[in-house]
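**Q** Please read through the structure below; I'll follow up with questions.
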Amino acid sequence: MTAEDFLEGQVLLIDKPLKWSSFQAVNKLKYILKRKYDLPKKFKIGHAGTLDPLATGLLIVCTGKFTKRITEIQAQAKEYTGTITVGATTPSYDLETEVDATFPTEHITAKLILETVKQFIGEIDQKPPIFSAIKKDGKRLYEHARAGSTVEISSRKTTLYEFEITKFDLPEIEFRVLCSKGTYIRSLAFDFGKSLNSGAHLSVLRRTKIGDFSVENGVSPEEFEGKS
C-alpha cells in the first residue's frame, strides 16, 4: 500500500485488545501510518462504533476519504458474543465497577432462561447505562456517575434480531446477539438479570460482526504494525 491509498480511503478491520479504548486503538494506527507513510499532520482517520475498554473484537477504522462512510457503517447490524454473570449487579453493568448488590439464583432453570430470552427478541425499550458516553446537560453520563450525581436517563427503542444462549453453567450464561445500532449489551445483561427475578452484569463481551465485516478478517494493532 502507498500513502495515496490511505489518503484515498481504506477500511481497516482491527481486533481490539482487552483494556484498550477505541480512541487508543485509532491513535496507535494513526501513529503507525503517519510514521511509515509520512502522511500529513491532518490525515483523516476514525472508527465506526466505539467498543468499551473491557470489550474486545471488531473495530472498523476508516482512513482518508472513507471517513465519510463511518455513519453508514455504524448504522449496520452488529453481532456480539459474551457472558452474563447472574446473581450480582454493578453500577456500570459490567466489571468496570465493584458488585453493589447480590441476588438469589437458585430458582433459575434452563427453562426460565430460554423463556426469558423470548421477551428480548424484537423491538425493546432500553435505558443506556449511567456509565456511558452519552451526553446529558453538557456532560457525558459517566462523568455524572463518577461525580456521584443522580441523572434521569430516558429509555430508547432498540432491536434485537437474534438472541441465543450458547452455554450456561450458573452463575455464567454465554450468549450471542445480533442487534441494531445503539444497543447497549451491558443494559441487556442488567435487564436480563431483572427479568430472571435476580440481578446480573456483563462479564465478557466481544464484537464479532458489523454488517458484512467480520472480526475473523481483523488483525490486532500489533499485527497491523508488522504487516503495514
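The values are calculated or read from the model by the stated rules, or taken from the named source; none is laboratory data. Just so we're clear, the structure is a prediction, and the values are computed from it rather than from any experiment. Backbone-built Cβ (ideal geometry, glycine too); neighbour counts: all protein chains shown. Each accessible area value is taken on the protein alone, full model and side chains, heavy atoms only, with ligands, DNA and RNA left out. Shrake-Rupley method; radii C 1.70, N 1.55, O 1.52, S 1.80 Å.
**Q** Just how much of T105 is accessible, in Å², when a 1.4 Å probe is used and the result is rounded to the nearest 10?
**A** 40 Å²
**Q** If you take every DSSP beta bridge whose two residues both sit in the chain, what share of them, in percent to the nearest 5, is antiparallel?
**A** 95 percent
**Q** For the chain, give the percent of accessible area contributed by carbon and sulfur heavy atoms, probe 1.4 Å, rounded to a whole number.
**A** Ligands and nucleic acids excluded, carbon and sulfur reach 50 percent.
**Q** Could you tell me the accessible area of H107 in Å² (1.4 Å probe, neighbours in place), rounded to the nearest ten?
**A** Result for H107: roughly 80 Å² accessible.
**Q** Using helices alone, I'd like the mean residue ellipticity at 222 nm for the chain: each DSSP H run of four-plus residues gives -39500 (n - 2.57), total over residue count, nearest 500.
**A** That comes out to -7500 deg cm²/dmol.
**Q** At 7 Å along the Cα-to-beta-carbon direction for both A75 and T159, put a label point, then send me their distance in nm to one decimal.
**A** Label-label distance for A75 and T159, simple model: 1.3 nm.
**Q** Could you list the residues of region 1-24 with an amide nitrogen less than 20 Å from a label point located 7 Å from the Cα of K41 in the Cα-to-C-beta direction?
**A** Hits in region 1-24 for K41 at 20 Å: 7.
**Q** Rounded to the nearest 10 Å², what accessible area does K28 show when all protein chains are kept and the probe is 1.4 Å?
**A** 60 Å²
**Q** Also: So if R0 is 30 Å, what FRET efficiency would D169 and K127 give, r being the distance between their Cβ atoms, rounded to the nearest 0.05?
**A** Plugging the Cβ-Cβ distance into 1/(1 + (r/R0)^6) gives 0.55.
**Q** Under the definition of Cα pairs under 8 Å and six or more residues apart, what whole-number percent is the relative contact order of the chain?
**A** Reported relative contact order: 29 percent.
**Q** If the elastic network links every pair of Cα atoms under 10 Å, which of E164, E96, E106 fluctuates the most in the Gaussian network model of the chain?
**A** Answer for the Gaussian network model of the chain: E106.
**Q** Taking every Cα atom in region 1-45, find the radius of gyration and the maximum pairwise distance Dmax, and write them in Å.
**A** Rg then Dmax for region 1-45, in Å: 11.0, 32.
**Q** Starting from the exponent 0.38 and prefactor 2.2 Å, build the expected Rg for the chain from its residue count and divide its actual Cα Rg by it.
**A** Scaled against compact globular proteins, the figure is 1.10.
**Q** With a 1.4 Å probe and every protein chain left in place, work out the accessible area per residue of the chain in Å², rounded to a whole number.
**A** Normalised by residue count, the accessible surface of the chain is 52 Å².
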